[in-house]
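Visitor: Here it is: the structure, laid out below.
The values are calculated or read from the model by the stated rules, or taken from the named source; none is laboratory data. In this text the structure is predicted, and so the values were computed from the model without any measurement. Here the Cβ positions follow ideal geometry from the backbone for every residue, glycine too, while neighbour counts run over all protein chains shown.
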Number of protein chains: 2
Amino acid sequence: MRLTPEQLEQFDRDGYLFFPGLFSKEETQTLSDAVPDLYSRREAYNIREKGSDAVRTNFAAHLISEPFAKLARHPRMVEPVQDLFGGEDLYMHQFKINGKKAFDGDVWQWHQDYGTWLNDDAMPTERAMNVAIFLDDVIEFNGPLMFIPGSHKKGVVDAKHDLTTTSYPLWTVDNALIAQLVDRAGGKNGGIVAPKGPAGSMILFHSCLVHASSSNLSPFDRVSVYLSLCTLGNHIRRFKRPEFIAHRDFTPISCLPDDCLSKPYPVDLPWKDGLPASALETSTDLIDEAKAA
Amino acid sequence: MRLTPEQLEQFDRDGYLFFPGLFSKEETQTLSDAVPDLYSRREAYNIREKGSDAVRTNFAAHLISEPFAKLARHPRMVEPVQDLFGGEDLYMHQFKINGKKAFDGDVWQWHQDYGTWLNDDAMPTERAMNVAIFLDDVIEFNGPLMFIPGSHKKGVVDAKHDLTTTSYPLWTVDNALIAQLVDRAGGKNGGIVAPKGPAGSMILFHSCLVHASSSNLSPFDRVSVYLSLCTLGNHIRRFKRPEFIAHRDFTPISCLPDDCLSKPYPVDLPWKDGLPASALETSTDLIDEAKAA
C-alpha cells in the first residue's frame with residue numbers, strides 16, 4: 001500500500017490521514033484477543049487510571065505478544081509511514097495500547113507527542129510518525145481522538161508538564177494557544193475533527209499535530225494501539241524514561257508479508273517472560289553517539 | 001406553543017423532545033449577558049469545579065436576575081411542559097445555569113434527576129419535568145448532554161450517592177445497568193443520543209430519563225439553563241437541601257407574554273440583594289403538609 005500524491009498533499013495540509021476499516025474484522029480480532037492477558041499483568045508497563053484498576057496505557061506489547069509483534073512489522077502500517085518520510089528506514093520509538101475503557105477511560109489533555117519526545121527523550125527533530133489503530137469501533141460517545149487540523153504547521157509549541165490531571169505525565173499545551181489553533185482551523189466548523197470508524201481503522205498523524213481525547217462515559221471500550229515510528233537518523237539521544245516507554249533499539253523495521261496477522265510467521269518476543277532490569281534504568285545524560293550508532 | 005399528538009407520542013417513547021433554535025439569537029443573548037455577573041458572585045449558590053474557579057452550576061438565578069426571572073415564566077417553555085402533564089399547574093422546583101466552561105467543564109456522571117429529588121427532597125412521584133435551554137451552540141466537542149432514549153420507562157433505578165467524582169453530589173446509576181439500558185435502546189446505533197443545535201435551542205426531558213455529559217476539552221463554553229418544573233400536587237416533602245437548590249415556594253407559575261425577553265415586564269427578584277438566612281436552613285424532617293398547603 002503506497003500513498004497517492006493527493007494523500008501526501010492532504011497529510012501536509014491537515015496533519016493526518018484516515019483509513020477506515022484498513023484491517024479486517026479477523027485481523028483486528030487477533031489483536032483484541034491478546035489485550036486482556038497483557039492488561040492483567042502486574043508489570044511496570046501497565047499504567048492504570050487514577051482511582052480505578054482499568055488500564056490507561058500499556059507499553060511495549062510488540063516485545064511481549066505475538067500478534068502485536070506482527071502488527072509492528074505490518075506493511076499496511078509501515079509502508080505509508082515510509083512514504084511520508086521519503087522511504088527512510090524506521091525504528092519503533094513507542095508502542096502503546098491505550099485502554100480508554102468503558103466508563104473509566106479518562107481524558108488525555110491537548111498535547112503534541114513530539115513535545116514529549118523532545119523534552120524527555122531528546123529526539124532531535126519531528127521526523128517521527130504516530131499511527132493509531134482502532135481495536136474497537138470508535139463512535140461519538142467513547143472518547144474519540146480529537147485533532148486540530150493543520151496544527152502541526154506550528155512546529156513545537158509551548159507546553160507545561162502536567163503531572164496531576166491524569167495518571168500519566170504529559171507535556172500539555174496552554175488553553176489560549178489551543179483556542180487560537182482551533183479558531184485558525186475553522187472554529188466550530190472544522191476547527192476540531194474526530195475521525196470515527198469501525199475496529200481495524202488506522203490514522204496516521206504528524207508528531208506535532210495537537211490532539212486530545214475526552215473521557216469515555218459510554219458502555220463501549222475504545223481500545224486503540226498507538227505506534228510511534230521514528231526515522232533512524234532521528235533516534236532519541238537521552239534515556240530519561242524507562243526503555244519500555246521510549247525504546248533504545250534502533251534496528252530498522254523489516255516488514256512481514258501482508259497476511260502476517262492471519263498466518264504464522266516467526267517473531268522475536270524478547271520481553272515475553274518479563275522486563276529485563278535494564279528496561280527500567282534511566283539517565284539524564286545524552287547518550288554516547290558512537291556507541292548508539 | 002402547544003404540543004402535537006405526534007410530539008406527545010414521541011416524548012412518551014423516547015423520554016425527550018428537542019426544539020432547535022426555539023429562542024432567537026437576541027432573546028438568548030439577553031440571557032447570556034446576565035451570566036458573568038451571576039457567576040462572579042461569591043455566594044453559596046455558585047458551585048465551582050473541582051480544582052478550578054470555573055462555575056459548574058449556579059442556582060436560583062430566576063430569583064436574582066431579571067432575564068432569568070422572565071425565562072422562568074416564558075410561555076414557550078412553560079406551556080409544552082403543561083401539555084405533557086395534562087394542563088396541571090406547575091411550580092419551579094430547581095433552576096440551574098450549568099457552566100460546562102471551555103477546557104474546565106467536568107463530567108456529569110449518568111443519573112436520573114428524579115432519583116435525587118426522591119432521595120433528597122422526598123418528591124412523591126416523577127411528575128416533574130426537566131427543561132434544558134442552550135445559551136451557547138452545542139456541538140460534538142463541548143460536552144453535549146447525552147440521553148439513553150426510553151430509559152425513563154424503567155422508573156426510578158438504583159443509584160449510589162457519588163460525593164467524590166465531581167464537586168457536586170449526585171445519585172448516580174450503576175455501570176452494569178447503564179450498559180443494559182444503552183443496549184436495549186440500540187447499542188452503538190442510537191443507544192445514546194446527544195441533541196446538538198444553536199444557542200436558543202430547548203430540550204424537554206423526563207425526570208427519569210438517564211443522562212450524563214462528558215468533559216468539555218474544547219475552547220467553546222457550553223452554558224445551559226436547566227429548569228425543573230414540578231406539578232403542584234407533587235411538591236417536595238422535605239427540605240433536606242438548601243432552598244436555593246430545591247425550592248420551597250409552591251406558588252403556580254404564571255406565564256408572561258411571548259415577547260417577555262425583548263420587552264420590559266415587571267418581575268419579582270426576592271434574592272437580588274443576597275440570600276435570606278432561611279434559604280440555607282435545612283431539615284431531615286418531613287414537612288407539615290397543612291402548613292405547606
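Visitor: For B:Arg56, all conditions in the list (1) of a type in the set (Lys, Arg); (2) under 24 Å from B:Pro257 (Cβ atoms); (3) crowded, with 22+ Cβ neighbours inside 10 Å hold save one; what is the number of the exception?
Guide: (2)
Visitor: Name the single residue, out of those in region A:123-142 being among the charged types (D, E, K, R) and away from chain B (no Cβ under 13 Å), that is surrounded by the most Cβ atoms within 10 Å (Cβ to Cβ).
Guide: A:Glu126
Visitor: Any residue that is under 28 Å from A:Gln109 (Cβ atoms) and free of Cβ contacts under 8 Å to residues at least 12 places away in the same chain - is there at least one of those in region B:201-214?
Guide: The answer is no, given that none of the residues of region B:201-214 is under 28 Å from A:Gln109 (Cβ atoms) and free of Cβ contacts under 8 Å to residues at least 12 places away in the same chain.
Visitor: Next question, about the same structure. Please verify whether B:Leu170 is farther than 19 Å from A:Ala102 by Cα, buried (at least 17 other Cβ atoms within 10 Å of the Cβ), modelled with pLDDT under 95 and in contact with a strand residue (DSSP E or B) (Cβ under 7 Å, 6 or more places away or on another chain), treating the condition exactly as stated.
Guide: In short, yes.
Visitor: Taking the condition of being in contact (Cβ under 8 Å) with a residue 40 or more places away in the chain and out of contact with any helix residue (DSSP H, G or I) (no Cβ under 9 Å at 6 or more places or on another chain), how many residues in region B:179-198 meet it?
Guide: Total meeting the criteria: 5.
Visitor: Condition check: within 13 Å of another protein chain (Cβ to nearest Cβ), touching a helix residue (DSSP H, G or I) at 6+ places or on another chain (Cβ under 7 Å) and hydrophobic (A, V, I, L, M, F, W, C). Does A:Phe68 satisfy that?
Guide: Considered against the rule, which asks whether it is within 13 Å of another protein chain (Cβ to nearest Cβ), touching a helix residue (DSSP H, G or I) at 6+ places or on another chain (Cβ under 7 Å) and hydrophobic (A, V, I, L, M, F, W, C), A:Phe68 comes out as no.
Visitor: Kindly indicate whether any position in region A:143-151 is modelled with pLDDT of 95 or more, more than 30 Å from B:Gly190 (Cα to Cα) and away from chain B (no Cβ under 14 Å).
Guide: Among the residues of region A:143-151, at least one is modelled with pLDDT of 95 or more, more than 30 Å from B:Gly190 (Cα to Cα) and away from chain B (no Cβ under 14 Å), which makes the answer yes.
Visitor: Of everything in region B:232-282 that's assigned to a loop (DSSP other than H, G, I, E, B) and among the basic types (Lys, Arg), which residue is farthest from the chain's Cα centre (by Cα)?
Guide: B:Lys263
Visitor: From the set of residues in region B:89-113 that are of a type in the set (D, E, K, R) and touching an Asp or Glu at 6+ places or on another chain (Cβ under 8 Å), which is surrounded by the most Cβ atoms within 10 Å (Cβ to Cβ)?
Guide: B:Lys100
Visitor: Among the residues of region A:77-99 satisfying the criterion of being in contact with a Ser or Thr (Cβ under 8 Å, 6 or more places away or on another chain) and more than 14 Å from A:Ser228 (Cβ to Cβ), which is nearest to the other protein chains (Cβ to nearest Cβ)?
Guide: Among those residues, the one meeting the criterion is A:Gly99.
Visitor: Of the numbered conditions (1) within 14 Å of chain A (Cβ to nearest Cβ); (2) in contact with a helix residue (DSSP H, G or I) (Cβ under 8 Å, 6 or more places away or on another chain), B:Asp53 fails exactly one; give the number of that condition.
Guide: Checking B:Asp53 against (1) within 14 Å of chain A (Cβ to nearest Cβ); (2) in contact with a helix residue (DSSP H, G or I) (Cβ under 8 Å, 6 or more places away or on another chain), the one that fails is (2).
Visitor: Give all pairs with beta carbons closer than 6 Å in which a residue from region A:38-60 that is among the charged types (D, E, K, R) meets a residue that is modelled with pLDDT of 90 or more and part of a loop (DSSP other than H, G, I, E, B); count only pairs at least 6 apart in sequence or on separate chains.
Guide: Every condition considered, the pairs that remain are A:Arg56/A:Gly99.
Visitor: Look at B:Arg237 and say whether it is within 14 Å of chain A (Cβ to nearest Cβ), more than 15 Å from B:Phe95 (Cβ to Cβ) and modelled with pLDDT of 95 or more.
Guide: Answer is no for this residue.
Visitor: For the list (1) surrounded by 20 or more Cβ atoms within 10 Å (Cβ to Cβ); (2) at pLDDT 95 or above; (3) in contact with a Lys or Arg (Cβ under 9 Å, 6 or more places away or on another chain), I need the number of the one condition that A:Leu209 fails.
Guide: (3)
Visitor: Among the residues of region B:1-20, write down those that are over 18 Å from the mean Cα position of the chain (by Cα) and more than 23 Å from B:Gly155 (Cβ to Cβ).
Guide: The answer is B:Met1, B:Arg2, B:Thr4, B:Pro5, B:Glu6.
Visitor: Right, next: Among the residues of region A:100-124, write down those that are among the polar types (S, T, N, Q), in contact with a Ser or Thr (Cβ under 9 Å, 6 or more places away or on another chain) and outside any loop (DSSP other than H, G, I, E, B).
Guide: A:Gln109
Visitor: Right, here's the next one. Confirm whether A:Leu71 is surrounded by 16 or more Cβ atoms within 10 Å (Cβ to Cβ), over 16 Å from A:Val223 (Cβ atoms) and in contact (Cβ under 8 Å) with a residue 12 or more places away in the chain.
Guide: Spelling it out, it is not the case that A:Leu71 is surrounded by 16 or more Cβ atoms within 10 Å (Cβ to Cβ), over 16 Å from A:Val223 (Cβ atoms) and in contact (Cβ under 8 Å) with a residue 12 or more places away in the chain.
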